[in-house]
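Nothing in this text is a laboratory measurement; each read-out follows from the coordinates by a stated rule. Keep in mind the model is a prediction, meaning the values are calculated, not measured. Backbone-built Cβ (ideal geometry, glycine too); neighbour counts: all protein chains shown.
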Amino acid sequence: MTAYLCPRCKTNRRRFNKIEQKVTSVQLDPESGEVMSVMEEGSADPFHIMYRGPEFRIQCGACGEIGDEETFIQFARSHPRGS
C-alpha cells in the first residue's frame, strides 16, 4: 500500500475508504428505463464504449473528498511528512 494524503483537507494521512468500482454495462429501454440486457465484457455492440476508468477510487475518511487513487498518492509524495 502506498501513502495517501487528502488533496482537499491536506491533513488526513490515516483514514480512507478504498472504493472498488464494479462496472455493469447495460442497455436500457428508452421509454421505461428498464434494463433490456446486460452486456458481458467483449460482447458489447460496436456503438457502445466500454468503461476505461480506474478500478478504485479513494474517499477521505475525514472530509469526504472522493478522487482517483493516483491523486491521493501524488499529493502525499509532493507533501512529505515533516516539511
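Considering every alpha-carbon pair of the chain, the percent of pairs per 10 Å bin, from zero through the bin containing the longest distance, is 16, 34, 19, 20, 9, 1.
Protection proxy ranking, highest mean first, for peptides 45-52, 25-32, 68-75, 12-19: 68-75, 12-19, 25-32, 45-52, where packing is the per-residue count of other beta-carbon atoms within 10 Å, averaged. Close amide H contacts of Ile19 (hydrogens built in the peptide plane, cut-off under 5 Å, sequence separation of 5 or more or a different chain): Arg57, Ile58, Gln59. The slack between Thr2 and Leu28, meaning 0.36 nm per residue of separation minus the straight C-alpha distance, is 5.4 nm. Annotation: amide H-H contacts under 5 Å for Ser25 (H modelled 1.01 Å from N, sequence separation of 5 or more, or interchain): Met39. Projecting label points 7 angstrom from Cα along Cα→Cβ for Met50 and Cys9 puts them 3.8 nm apart.
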